[in-house]
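To keep things clear, I will list the structure first and then write my remarks on it.
The values are calculated or read from the model by the stated rules, or taken from the named source; none is laboratory data. What you are looking at is a predicted structure, and each value in this text was computed from that prediction instead of being measured. With ideal geometry, Cβ positions are generated from the backbone for all residues, glycine too; neighbour counts draw on all protein chains shown. Accessible surface is based on the protein model in full, side chains and every heavy atom, while ligands, DNA and RNA are left aside. Shrake-Rupley method; radii C 1.70, N 1.55, O 1.52, S 1.80 Å.
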Amino acid sequence: MRSSAMNAPCTHIWREDAIIGHSFLWKFGHDIPELGIAIADEFHGKKLGHLSMQTLIGAAKAAGRKGIELTTNPKNGAGFHLYQKMGFQYVGDIEITIADGTHRIERKLVYTFPDA
């Protein structure tokens with residue numbers, strides 16, 4: 001699926017009439033787009049994040065991107081473990097600005113395609 005607003009790959013996971021997961025590649029025109037992902041809490045541990053990420057990694061590779069980056073909250077241990085399991089490398093902590101203007105520290109990870 002492709003988001004017309006961002007012209008970027010995205011996934012939606014539905015259960016009956018509700019979206020239980022969403023992921024996307026933001027800044028898809030860049031060499032290394034940014035991955036965003038959210039899976040409803042009650043559906044964690046069911047490989048939905050893994051499947052969504054496989055889809056987006058494939059889309060980025062097919063489009064000739066050099067890799068993908070993401071940030072995650074340091075309290076998100078399960079997500080951090082999944083990202084590393086998927087091949088993302090932890091490169092350090094960074095300060096980000098949230099929509100309300102506040103700042104917080106997040107872990108930055110980067111996935112680089114072997115042939116990039």
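Quick notes on this structure:
- Residue in region 67-89 that is more than 19 Å from ILE39 (Cβ to Cβ), without any contact (Cβ under 8 Å) to a residue 24 or more places away in the chain and either open to solvent by 60 Å² or more (accessible area, probe 1.4 Å) or hydroxyl-bearing (Ser, Thr, Tyr) (or both) present: yes
- The set of residues in region 6-27 that are open to solvent by 30 Å² or more (accessible area, probe 1.4 Å) and either within 21 Å of LYS61 (Cα to Cα) or in contact with a strand residue (DSSP E or B) (Cβ under 8 Å, 6 or more places away or on another chain) (or both) comprises MET6, ASN7, HIS12, ILE13, TRP14, ILE19, HIS22, PHE24, TRP26, LYS27.
- Condition broken by GLU42, with the remaining ones in (1) in a helix (DSSP H, G or I); (2) farther than 22 Å from THR112 by Cα; (3) under 12 Å from the mean Cα position of the chain (by Cα) satisfied: (3)
- Just one of the listed residues (HIS30, HIS50, HIS44) is open to solvent by 70 Å² or more (accessible area, probe 1.4 Å) and touching a helix residue (DSSP H, G or I) at 6+ places or on another chain (Cβ under 8 Å), namely HIS44.
- Inspection of region 79-100 identifies no residue that is of a type in the set (Val, Ile, Thr) and touching a Gly at 6+ places or on another chain (Cβ under 8 Å).
Results for (1) in a strand (DSSP E or B); (2) at pLDDT below 95; (3) closer than 20 Å to ASN7 by Cα, shown as yes or no for each residue.
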| position | (1), (2), (3) |
| --- | --- |
| LEU25 | yes, no, yes |
| GLY49 | no, yes, no |
| GLY79 | no, yes, no |
| GLN84 | no, no, no |
| VAL91 | yes, no, no |
| GLU95 | yes, no, no |
| ALA99 | no, yes, no |
| VAL110 | yes, no, no |
| ASP115 | no, yes, no |
